[in-house]
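Report on one structure; see the data block that follows.
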Amino acid sequence: MSVIDSRTLNRAERRRLHTRDLLLEAASAVLAESGYQTLTIKAITDRADVGYGTFYLHFADKDDIVWEVIHTTVENYLTSVEPEILKYPSPEREYQSWIRTFEFAEQARDGIVSMLGRNGSATLLQRYQDYLAALYERNLRDGRYTSGLNLPPTFLAQFATGGLIRLLIWWLETPNDYTPKQMAAMLYEAVYRQPALEG
């Protein structure tokens, strides 16, 4: 899971990195098998075949390692869909991005609800919001996204992230017949005050 070039590290640093990767792989596997609510540090260390105390040399707590798993998963997904999304001009690019976000969430519904929903972790929810806000702000500053408004990118990023996260959790937790595309289209219309463009 690590992106650090291990050839530049000494033996102790490579061993530490290897142990961290073992813990991340174990956390990902146990999370997929048993879910967030029943995930324990002991289950992670048992799966990684390392001592319980070793966990705390690498992570502060359960949410710390789970966030690393979430972050890696989301980053990998974004890398896979970004080339397709970048083909669209802004603001249709945002719409296409939201479609992918809702599609991804639909596939991972149970996991997202258990981690970020009303009975989930406030820490994980905050980290995910911060991550999305930073991503949205970067896209605004780099000109990948446009708003048509003369407002600070930081404000716009917080606004868009708040709306997206709240709608996403509501949609996942509440029985409804809205498809990912319909959710993205309604969000687009609410933000841009016009129907979504079909590209």
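The values are calculated or read from the model by the stated rules, or taken from the named source; none is laboratory data. Predicted, not measured: the structure shown is a model, and the values here were computed from it. Methodologically, a virtual Cβ is constructed for each residue, glycine included, from the backbone with ideal geometry; neighbour enumeration extends over all protein chains shown. These area figures cover heavy atoms from the full protein model, side chains too; ligands, DNA and RNA do not enter into them. Shrake-Rupley method; radii C 1.70, N 1.55, O 1.52, S 1.80 Å.
Computed from backbone phi with θ = phi - 60° and the Karplus coefficients 6.51, -1.76 and 1.60, the 3J(HN,Hα) list for region 119-126 is 9, x, 9, 5, 5, 5, 4, 5 Hz; x is used for glycine and proline.
Compute the angle between helix 11-34 and the longest alpha-carbon principal axis of the chain, please, reported from 0 to 90 degrees and rounded to the nearest 10. So the helix axis and the longest Cα principal axis differ by about 60 degrees.
With the radius of gyration and the Kirkwood radius both derived from the Cα set of region 121-163, what is their ratio Rg to Rh?
Working: Rg = 10.8 Å, Rh = 10.6 Å.
Ratio of gyration radius to Kirkwood radius: 1.02.
Restricting the calculation to alpha carbons of region 76-190 gives Rg and Dmax of 13.9, 39 angstrom.
Normalised by 2.2 N^0.38 Å, where N is the number of residues, the C-alpha radius of gyration of the chain stands at 1.15. Note on Lys181 and Tyr56: the model spin-label points, each 7 Å out from Cα along the C-beta direction, lie 5.2 nm apart. Evaluated at q = 0.19, 0.27 Å⁻¹, the base-10 log of the normalised Debye intensity for region 18-77, with identical point scatterers placed on the Cα atoms, takes the values -0.59, -1.18. Just so you know, the Rg over Rh for region 1-118 is 1.06, from Cα atoms, with Rh as the Kirkwood radius.
Remark: spin-label model distance Ser80-Leu151 equals 3.3 nm, labels positioned 7 Å along the Cα→Cβ axis.
How large is the accessible surface per residue of the chain, computed with a 1.4 Å probe and reported in Å² as a whole number? Could the numbers behind the result be given before it?
On the way: 11350 Å² over 199 residues.
Ligands and nucleic acids excluded, the figure is 57 Å² per residue.
Between beta-carbons, use under 14 Å as the cut-off and find the net charge around Leu124, counting Lys and Arg +1, Asp and Glu -1.
On the way: positive: Lys62, Arg118, Arg127; negative: Asp61, Asp63, Asp64, Glu68, Asp130.
Cβ neighbours under 14 Å give a net charge of -2.
Multiplying the residue separation of Lys87 and Lys42 by 0.36 nm and subtracting their alpha-carbon distance yields 11.7 nm.
Please state the charge dipole magnitude for region 87-199, taken about the Cα centre, from unit charges on C-beta atoms (+1 on K and R, -1 on D and E), reported in debye and rounded to the nearest 20.
Details: 12 positive and 12 negative charges, 53 e Å.
Computed about the Cα centre, the dipole is about 260 debye.
Helix 62-85 and the longest principal axis of the Cα set of the chain meet at an angle near 40°. So how tilted is helix 153-173 from the main axis of the chain? Cα-based, degrees 0 to 90, rounded to 10. Its long axis makes an angle of about 80 degrees.
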